[in-house]
Amino acid sequence: MEKFFYPRSMVVIGASANKMNLGHIIVLNNRKNNYEGNIYGVSREEGDIAGAHVYDSVEKLPEVPDVAIIISPAQTVPDFMEACGKKGIKRIVIESGGFSEYSEGQQTLENKILEIAERYNIRFIGPNCIGMVNFDIKMMMPFGFFSETPSGGRVAMIVQSGGVGGSYLRAFGDNAIIPGKFAAVGNKLQLDEVDILDYLIKDEKTDVISMYLEGFKRGRAFFDLAVNSDKPLIVQKSNRSNLTAKIAQSHTTALSADDAVVDGCFRQAAVIRAEDDIDFINAVKIIRLPLMKSRRVAILSRSGGHAVLTVDACAKFGFSLVDFPPAFIETVKTIYHTRVIAHQNPLDLGEIFDYTIFTRILEEALKLPDVDGVLFNHLYISSYEAEMSRDFLSNVTRLVAQYQKPVAVTVNTDAPEMLSISRDQGYPLFATPLMAAKALDMSATYYEEKTARNARGNYVQSSVDSAAINKIKEHCQFEKRIPLTDEALKIAEAAGIRCINGIAVKSAKEAGEAKLEFPVALKLLSRDASHKSDVDGVQLKIQNHKKLVRAISGMKKSFRNITPRPTIDGFLIQKMADDGVECFVGGRQDPVFGPIVIAGLGGIFLEIFKDTAIRLAPVTKSEAMDMLKKLQAYPVLQGARGKMKADIDAFADVICRVSQLLATATDIAEIDLNPVIVHKTGKGVSIVDSRVFFK
């Protein structure tokens, strides 16, 4: 990747010397912005672009450029790549569109360029992209016009859409954010966001990495990098629904990953998720400040009404307002004398017009050990207070650096002044109290998730009996069916998960002769009915043999009225489990991220409330506990309102073992343990039902 970001020379193939086309603009950009390397063009006719010579063939180039940028009709790209390979060019950016993003899976051209790249050992980015920018050396591959941009930025950006990337670069400029490196990956036919992310994590000139993605090509590889990154990663992931999947496919051939899986991956790896473009920019703003290390805030406001709005915003994100101690109040009284407004949190500064007092009060608030961050509402009239406001923000910058606590400043002034101060003043500013509070929430959440990630501990050491699983799989394949419930429970047991004992019978007569401990549960065993309750294939709390025989006969009779009639492979009789909270643990092999584990409230509530947490498997005990804490039903497990406190530790252990099973036995496509009955603390869990599907 180093040559892509620091090329000593480049050639733009498709840069006309005689007319203003896209390749011409790329050459012009680099010449006008004083790119430090050599740049050439290749076109049908020789000529000159702002002092850069244009040749009529690749072979005539006076040197072997580090990077070739191809921006010509898609059909011509293979021939130009062949010419680059013969010349010895090893790095190529294909900006041309017209590949599979328009052909709905027709990949003839892609296959050609992949073959050429392999033959000549070429690494390429694209197609359908705008390439890289390194602002430090003024190297610019995109075909949009760039004005002078300051160097020395520490924020990098990876995007899948050049249009979105260009919008965000403009927004950076409007918010005094100096970019360092930029990469647009387009269709990701060969190199992708993982390759660039790996480089930027190691790059000493990058502190923050921001990303806009429509789909992951290698989700697990992304996770492995993100989970070990000390640098903040901010990602806006679009293409989140079935409605956008086809649009994204036609745009960049993105494959839509299950958004809940993406969300679980981000939480587990401490990736900051931006919901929209406003979140994206605000996250970049706030993450460059010291992190919010807890959720205790002080509110200072030049308007009482804005203070109330800020309190509402803080409540929305779970912040608590610190009670100002008497010593703080006494200090404030020595700084200014109020006649109307009470000294409390939020502190209304509406009576003050001396900006030095703002600075002194802010410093006193930052000194308080119980204050983790400050929200400051700054309202002013630019014609009177513009210069004083800039001086004040300079003092805010100094105090934040001194006390290592974030101050989210909301500015309310006229539009031209707001744009001017946002562009020119280096300190990050927010337009509303809600935006400021949400930015602090992103900072606090990142700190919490990063702390949890760094303390994730080791994986639970549990063995998986692969031989037992393979035996069941082979038997099912021979009979061309899914595992029956008793077999699915044995697969769970192969991972060290204790299940409720049961016996399988073929008939009512066999059940009547079985030695049982009542009450029992009766379940249909059928290769055609994985959801037994949908065909009334479950009866609970059967008290004796007579009722058991009657239940089996009744099930058989009722199945005659079902179309199509399910195959009866037998019946499973299990001892009834003790009472507890019905939960769920499952998982599957995700096509993008690999094995994932899911946990939540179970039974009939699973599909009604959909209260689940997802993580990439395997998970540690700490990660399993974090999954449970993220559930809305977690207070139920804790014994809310005097109810039984559930054995959360045992439940977390099951999550770990299921995750290890999926990570080890990768031919298991999907597994559901539902319900998992979590008993009171110290009594463990009961696994009473299981479904397994093999690939």
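Is there any pair with a first residue in the stretch 262-277 that is buried (at least 24 other Cβ atoms within 10 Å of the Cβ) and a second that is modelled with pLDDT of 95 or more and assigned to a helix (DSSP H, G or I) whose Cβ atoms are under 6 Å apart and which are 6 or more apart or on different chains, and what are they?
Cys265/Phe223; Val271/Ala226; Ile272/Ala283; Ile272/Met442; Ile272/Tyr446
What pairs come out if I take residues in the stretch 331-352 that are not assigned by TED's automatic domain parsing to the domain that holds Ser301 and pair them with residues that are surrounded by 13 or more Cβ atoms within 10 Å (Cβ to Cβ) and at pLDDT 80 or above whose C-beta lies under 7 Å away, six or more apart or interchain?
none
If you scan the stretch 417-440, which residues turn out to be farther than 20 Å from Ile177 by Cβ and out of contact with any Ser or Thr (no Cβ under 7 Å at 6 or more places or on another chain)?
So in the stretch 417-440, the residues farther than 20 Å from Ile177 by Cβ come out as 433-434, 437.
Leu434 - this is the single residue of the stretch 417-440 that is farther than 20 Å from Ile177 by Cβ and out of contact with any Ser or Thr (no Cβ under 7 Å at 6 or more places or on another chain).
Is it the case that Tyr459 is touching a Cys at 6+ places or on another chain (Cβ under 9 Å), among the hydroxyl-bearing types (Ser, Thr, Tyr) and surrounded by 15 or more Cβ atoms within 10 Å (Cβ to Cβ)?
Working: touching a Cys at 6+ places or on another chain (Cβ under 9 Å): yes; among the hydroxyl-bearing types (Ser, Thr, Tyr): yes; surrounded by 15 or more Cβ atoms within 10 Å (Cβ to Cβ): yes.
Judged against the criteria, Tyr459 is a match.
From Leu169, Leu225, Leu197, grab the single residue that is under 21 Å from Cys129 (Cβ atoms), out of contact with any helix residue (DSSP H, G or I) (no Cβ under 6 Å at 6 or more places or on another chain) and in a helix (DSSP H, G or I).
Numbers: Leu225 fails: out of contact with any helix residue (DSSP H, G or I) (no Cβ under 6 Å at 6 or more places or on another chain); Leu197 fails: out of contact with any helix residue (DSSP H, G or I) (no Cβ under 6 Å at 6 or more places or on another chain).
Of the residues listed, the single one that is under 21 Å from Cys129 (Cβ atoms), out of contact with any helix residue (DSSP H, G or I) (no Cβ under 6 Å at 6 or more places or on another chain) and in a helix (DSSP H, G or I) is Leu169.
When the stretch 261-311 is examined, which residues are found to be in contact with a strand residue (DSSP E or B) (Cβ under 8 Å, 6 or more places away or on another chain) and basic (Lys, Arg)?
Arg267, Arg273, Lys285, Arg288, Arg295, Arg296, Arg302
Which residues, taken from the stretch 347-370, are assigned to a loop (DSSP other than H, G, I, E, B), buried (at least 18 other Cβ atoms within 10 Å of the Cβ) and at pLDDT 95 or above?
Leu368
For Ile542, all conditions in the list (1) buried (at least 20 other Cβ atoms within 10 Å of the Cβ); (2) touching a residue at least 40 places away in the same chain (Cβ under 8 Å); (3) over 41 Å from the mean Cα position of the chain (by Cα) hold save one; what is the number of the exception?
In the conditions (1) buried (at least 20 other Cβ atoms within 10 Å of the Cβ); (2) touching a residue at least 40 places away in the same chain (Cβ under 8 Å); (3) over 41 Å from the mean Cα position of the chain (by Cα), Ile542 misses (2) alone.
Given the structure, is Glu204 free of Cβ contacts under 8 Å to residues at least 12 places away in the same chain and at negative phi?
Yes, satisfied.
Mind checking which residues of the stretch 131-148 are in contact with a strand residue (DSSP E or B) (Cβ under 7 Å, 6 or more places away or on another chain) and assigned to a loop (DSSP other than H, G, I, E, B)?
Within the stretch 131-148, Phe135, Asp136, Met141, Pro142, Phe146 meet the criteria.
Residues that are in contact with a Phe, Trp or Tyr (Cβ under 6 Å, 6 or more places away or on another chain): which strands (runs of 3 or more DSSP E) entirely in the stretch 646-695 hold 2 or more of them? Talk me through it step by step, then tell me what you get.
Values: elements: 668-678, 685-687, 690-694.
Counting at least 2 such residues, we get 668-678.
Which is at pLDDT below 95, among the basic types (Lys, Arg) and crowded, with 17+ Cβ neighbours inside 10 Å, of Arg691, Arg615, Arg657, Arg641?
Arg691
In the stretch 591-635, which residues are of a type in the set (Ser, Thr, Tyr) and part of a helix (DSSP H, G or I)?
Ser622, Tyr634
So, in the stretch 593-609, how many residues would count as being surrounded by fewer than 21 Cβ atoms within 10 Å (Cβ to Cβ) and touching a helix residue (DSSP H, G or I) at 6+ places or on another chain (Cβ under 9 Å)?
2
Suppose we keep only residues that are in a helix (DSSP H, G or I) and surrounded by 18 or more Cβ atoms within 10 Å (Cβ to Cβ) within the stretch 321-346. Which one would you say is nearest to the chain's Cα centre (by Cα)?
Our first condition is that a residue be in a helix (DSSP H, G or I); within the stretch 321-346, this holds for 326-335.
This time we only want the ones that are surrounded by 18 or more Cβ atoms within 10 Å (Cβ to Cβ), so: 328, 332.
Working: Phe328: 41, Val332: 43 Å.
Top of the filtered list is Phe328.
Identify, from the list Tyr199, Tyr212, the residue that is modelled with pLDDT of 95 or more, under 16 Å from Val271 (Cβ atoms) and not small (Gly, Ala, Ser).
Tyr212
Being without any contact (Cβ under 8 Å) to a residue 60 or more places away in the chain, of a type outside the set (Asp, Glu), closer than 20 Å to Ile299 by Cβ and in a loop (DSSP other than H, G, I, E, B), is that true of even one residue in the stretch 405-426?
Within the stretch 405-426, the first condition is being without any contact (Cβ under 8 Å) to a residue 60 or more places away in the chain, and the residues that meet it are 409, 411, 413-418, 420-421.
Restricting the remaining residues to those that are of a type outside the set (Asp, Glu) gives 409, 411, 413, 415-416, 418, 420-421.
Then keep just the ones that are closer than 20 Å to Ile299 by Cβ; that gives 409, 411, 413.
Narrowing further to those that are in a loop (DSSP other than H, G, I, E, B): 413.
Among the residues of the stretch 405-426, at least one is without any contact (Cβ under 8 Å) to a residue 60 or more places away in the chain, of a type outside the set (Asp, Glu), closer than 20 Å to Ile299 by Cβ and in a loop (DSSP other than H, G, I, E, B), which makes the answer yes.
Does Gly180 qualify as being at pLDDT below 95 and under 23 Å from Asn33 (Cα atoms)?
no
Gly180 passes all but one of (1) outside any strand (DSSP E or B); (2) touching a Phe, Trp or Tyr at 6+ places or on another chain (Cβ under 7 Å); which number fails?
Failing condition for Gly180: (1).
Pull up the stretch 14-27, narrow it to residues that are more than 19 Å from Gln75 (Cβ to Cβ) and of a type outside the set (A, V, I, L, M, F, W, C), then point me to the one that is surrounded by the fewest Cβ atoms within 10 Å (Cβ to Cβ). Step through it out loud before you land on a result.
Looking only at the stretch 14-27, we keep the residues that are more than 19 Å from Gln75 (Cβ to Cβ), and these are 17-20, 24-27.
This time we only want the ones that are of a type outside the set (A, V, I, L, M, F, W, C), so: 18-19, 24.
On the way: Asn18: 13, Lys19: 7, His24: 25.
Per the criteria, the residue is Lys19.
Those residues that are over 19 Å from Val208 (Cα atoms) and crowded, with 18+ Cβ neighbours inside 10 Å, I need them from the stretch 138-168; list them, please.
Lys138, Met139, Met140, Met141, Pro142, Phe143, Phe146, Ser161, Gly162
Checking the conditions here, which among Val64, Val11 is crowded, with 24+ Cβ neighbours inside 10 Å, modelled with pLDDT of 95 or more and either outside any helix (DSSP H, G or I) or not hydrophobic (A, V, I, L, M, F, W, C) (or both)?
Answer to the selection: Val11.
Given the criteria without any contact (Cβ under 8 Å) to a residue 12 or more places away in the chain and assigned to a helix (DSSP H, G or I), does Glu115 qualify? Give the derivation first.
Values: without any contact (Cβ under 8 Å) to a residue 12 or more places away in the chain: yes; assigned to a helix (DSSP H, G or I): yes.
Yes: the conditions hold for Glu115.
I need the full set of residues from the stretch 662-679 which are among the hydroxyl-bearing types (Ser, Thr, Tyr) and touching a Gly at 6+ places or on another chain (Cβ under 9 Å), in order please.
Residues of the stretch 662-679 that are among the hydroxyl-bearing types (Ser, Thr, Tyr), as a first pass: 664, 666.
Selection gives Thr666 alone.
Inspect the stretch 379-388 for any residue being buried (at least 21 other Cβ atoms within 10 Å of the Cβ) and within 40 Å of the chain's Cα centre (by Cα) and give the result as yes or no.
Step one: filter the stretch 379-388 for residues buried (at least 21 other Cβ atoms within 10 Å of the Cβ), giving none.
No.
Is there any pair with a first residue in the stretch 448-459 that is more than 11 Å from Arg267 (Cβ to Cβ) and among the hydroxyl-bearing types (Ser, Thr, Tyr) and a second that is assigned to a loop (DSSP other than H, G, I, E, B) and at pLDDT 90 or above whose Cβ atoms are under 8 Å apart and which are 6 or more apart or on different chains, and what are they?
What qualifies is Tyr459/Pro618; Tyr459/Val619.
Pick out the one residue from Gly318, Gly373 that is loosely packed, with under 14 Cβ neighbours inside 10 Å and at pLDDT 95 or above.
None of the others qualify; the one that does is Gly318.
In the stretch 10-36, which residues are of a type in the set (S, T, N, Q) and within 36 Å of the chain's Cα centre (by Cα)?
If we filter the stretch 10-36 for residues that are of a type in the set (S, T, N, Q), which is where we start, we get 16, 18, 21, 29-30, 33-34.
Within the stretch 10-36, Asn29, Asn30, Asn33 meet the criteria.
The values are calculated or read from the model by the stated rules, or taken from the named source; none is laboratory data. As the structure is a computational prediction, the values presented were derived from the model and not from experiment. A quick note on method: Cβ atoms are made from the backbone with ideal geometry, for glycine too, and the neighbour counts reach across all protein chains shown.
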